[in-house]
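The values are calculated or read from the model by the stated rules, or taken from the named source; none is laboratory data. All of these numbers come straight from a predicted model, not from anything done at the bench. Counting neighbours? That spans all protein chains shown, and the Cβs are built from the backbone with ideal geometry, glycine included. Surface accessibility is based on the protein's heavy atoms, side chains included, excluding ligands, DNA and RNA. Shrake-Rupley method; radii C 1.70, N 1.55, O 1.52, S 1.80 Å.
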Number of protein chains: 2
Amino acid sequence: MLYIIGLGLCDETDITVKGLEAIKSCERVYLEAYTSILMVPKEQLEKFYGKELIIADREMVESQSDEILLNANSLNIAFLVVGDPFGATTHTDLVIRARELNIPVTVIHNASIINAIGACGLQLYNFGQTISIPFFTDTWKPDSFYDRIKENKDLGLHTLCLLGKKIYEPPRYMAINKAIQQLFEIEETRNQKVYTTESLAIGIARLGSSTDQKIKVGTLNQLLSQDFGPPLHSLVIVGSRVHILEIDFMRFFAVDKQLYNEIVKKDYGI
Amino acid sequence: MLYIIGLGLCDETDITVKGLEAIKSCERVYLEAYTSILMVPKEQLEKFYGKELIIADREMVESQSDEILLNANSLNIAFLVVGDPFGATTHTDLVIRARELNIPVTVIHNASIINAIGACGLQLYNFGQTISIPFFTDTWKPDSFYDRIKENKDLGLHTLCLLGKKIYEPPRYMAINKAIQQLFEIEETRNQKVYTTESLAIGIARLGSSTDQKIKVGTLNQLLSQDFGPPLHSLVIVGSRVHILEIDFMRFFAVDKQLYNEIVKKDYGI
């Protein structure tokens, strides 16, 4: 059996009881290490799970998947993924290959940013498509995410922006401040007023950490100068479809409550 | 401390280790019982958690929230929610009330249909807004979801349809077949060709169950006559933005592989 197990958002205790039991039954346990990291070191996970972890990078999963799947017809093998197994990128290749080899696959789900983002107070129903903002270089500034934000915005929907995920390199983490700089840069070039310095947004750092989560609500300009601390960061651009309860909920996180009330009145009529 | 704890998708072992530890520290444990249910009886949860559960219906949460929050400044109180605490409806009222009373709130996340739906093989990036299809009556056939599906479709995005959730009544569960009948009924009235009997869709039953999950891919017409068994059911209407790996992944679930290949060639050019 191949178990694909979500580890959740933060630390070793975010795994489900079902997931932990599955790991304990496994002969080999791989830790996917190319899309995201938990907030704790590998050794801490190993101690808690009572198993040694084999780091599986992108290349290993793509070119040596048969090695991962070796004897999975008779033994239990686990492949651990931060968040949910299907949270951001799917592990499509590995599952398809397992099926070709007639290896049974069991997925054990967990929280990921895609659903936990509801913690910011916005209804998940009113989110449009999720986007990723990549690191710009001097010569490479892909801006298709701008069109996606516009599509969401035109429907009144919120946009969840995942920051700086790089699949083919060791993971780098983009700070909210950097993401906002890049958003401003693209708005200046494209100039379709998809958002402005005064647009309402939510910065989220270390989502799901019971001790260290940080959520701040303000204009993009306000959030630009906020210190959100260590990774992982995400950003939500708030759409026009908001309920008064969502406005009340977000107020708690406002960087400046007075300015928040002014914006809400001006932009949302609430 | 008020803990708001997600229970995940299926049974008592889907809780996280962190969530289980929190429950064990609590004086009173409430189980939210008005939006959804797990696939196991309350007694099974009580035995596993080692705690008695107090059922909290919608009315209790709305009108007696202070009773739930009683002494939460000095004691630990847990409020258990199927899926993720912010999975489908937020528990906004309760959290806002707790903040007013200066009671610290800790949220412990878990999987919900919103992220676990990735198990069907479609990238979460390409989903638009999520909709709910309510039970029609002879005189009440709200069809605003049709506009939402159209908005998603016009952008090439998939639509996740949650079925039959009723907030102010004991939960009723709509079968996929019933949902498709209602979809056809509305298409006939609105007639904007947002979908047809031949549109590609995915029926999902008991998502996250390691023994009993059922995923079937086919046209709406094909899925109409499939037996998906007991609740919970969901439906995805597939948009036009699909990658070849997603097509390969879905093929595994096709009701009729030959017809699937024909549709994929005709509608998606793959």
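In degrees from 0 to 90, rounded to the nearest 10, what is the angle of the helix B:144-154 Cα long axis to the longest principal axis of chain B?
60
To the nearest 20 Debye, how big is the dipole of the protein assembly as shown about its Cα centre, given +1 on the beta carbon of each Lys and Arg and -1 on that of each Asp and Glu?
Numbers: 54 positive and 68 negative charges, 93 e Å.
Magnitude of the dipole: close to 440 debye.
Restricting attention to the stretch A:7-89, which chymotrypsin sites (Phe, Trp or Tyr not before Pro) occupy a DSSP loop and are surrounded by at most 16 other Cβ atoms within 10 Å?
Of the chymotrypsin sites (Phe, Trp or Tyr not before Pro), not one in the loops of the stretch A:7-89 has a Cβ with at most 16 other Cβ atoms within 10 Å.
Loop only by DSSP, 10 or fewer other Cβ within 10 Å of the Cβ. Give me the trypsin sites (Lys or Arg not before Pro) in the stretch A:102-200 that pass, ordered by residue number.
Qualifying residues, ordered by number: A:Lys193.
From the square roots a ≥ b ≥ c of the eigenvalues of the alpha-carbon gyration tensor of the protein assembly as shown, which class results: rounded (a/c under 1.5), prolate (a/b over b/c), or oblate?
Cα axes put the protein assembly as shown in the rounded bin.
Please state the charge dipole magnitude for chain A, taken about the Cα centre, from unit charges on C-beta atoms (+1 on K and R, -1 on D and E), reported in debye and rounded to the nearest 20. Intermediate values should be presented prior to the final figure.
Numbers: 27 positive and 34 negative charges, 123 e Å.
Dipole magnitude for chain A comes out near 580 debye.
Take the solvent-accessible surface of the protein heavy atoms, probe 1.4 Å, and return the percent of it on the stretch B:114-268 that carbon and sulfur atoms account for. Walk me through the intermediate numbers first.
Working: 3340 of 6530 Å².
Exposed carbon and sulfur together represent 51 percent of the surface.
Mind giving me the nanometre distance, one decimal, between the label points for A:Asp138 and A:Ile270, set 7 Å out from Cα along Cα→Cβ?
Label at A:Asp138, label at A:Ile270, 4.5 nm between them.
Can you give the accessible area of B:Asp11 in Å² (nearest 10), computed on protein heavy atoms with a 1.4 Å probe?
We get 40 Å² for B:Asp11.
Give the A-B buried accessible area in Å², both sides summed, 1.4 Å probe, nearest 100.
So the buried area, both faces added, is about 4500 Å².
Measuring from centroid to centroid over Cα atoms, what is the spacing of the stretch B:92-115 and the stretch A:103-153 in Å?
22
Taking a 1.4 Å probe, which of A:Tyr195, B:Tyr268 shows the most accessible area, and what order do the others take after it?
B:Tyr268, A:Tyr195
What is the mean number of Cβ atoms from other protein chains located within 10 Å of the Cβ atom of each residue in peptide B:189-195, rounded to a whole number?
Numbers: counts 0, 0, 0, 0, 0, 0, 0.
Rounded to a whole number, the mean comes out at 0.
GluC sites (Glu not before Pro) within the stretch A:11-68: which are DSSP loop residues with at most 14 other Cβ atoms inside 10 Å?
Of the GluC sites (Glu not before Pro), the ones in loops of the stretch A:11-68 whose Cβ has at most 14 other Cβ atoms within 10 Å are A:Glu27, A:Glu52.
Using label points projected 7 Å from each Cα along Cα→Cβ, tell me how many nm separate A:Asp66 and B:Val255, to one decimal.
Result for the modelled spin labels: 3.7 nm.
Would you mind counting up the charge near B:Leu75? Only other residues with Cβ under 10 Å from its Cβ, with Lys and Arg at +1 and Asp and Glu at -1.
0
Projecting each Cα onto the charge dipole of chain A (Lys/Arg +1, Asp/Glu -1 at the beta carbon, about the Cα centre), which of A:Gly218, A:Asn261, A:Ile96 comes out farthest on the positive side?
Result: A:Asn261, furthest along the dipole toward the positive end.
How large is the translational diffusion coefficient of the stretch A:2-111 in µm² per second when you combine the Kirkwood radius over alpha carbon pairs with Stokes-Einstein at 37 °C and 0.692 mPa s?
After rounding, the answer is 241 µm²/s.
Cα centroid distance between the stretch A:191-251 and the stretch B:194-214, in Å?
Answer, in whole Å: 34.
Shape of the stretch B:164-270 from its Cα gyration tensor (a ≥ b ≥ c, root eigenvalues): rounded if a/c is under 1.5, otherwise prolate when a/b > b/c, or oblate?
Here the stretch B:164-270 falls in the oblate category.
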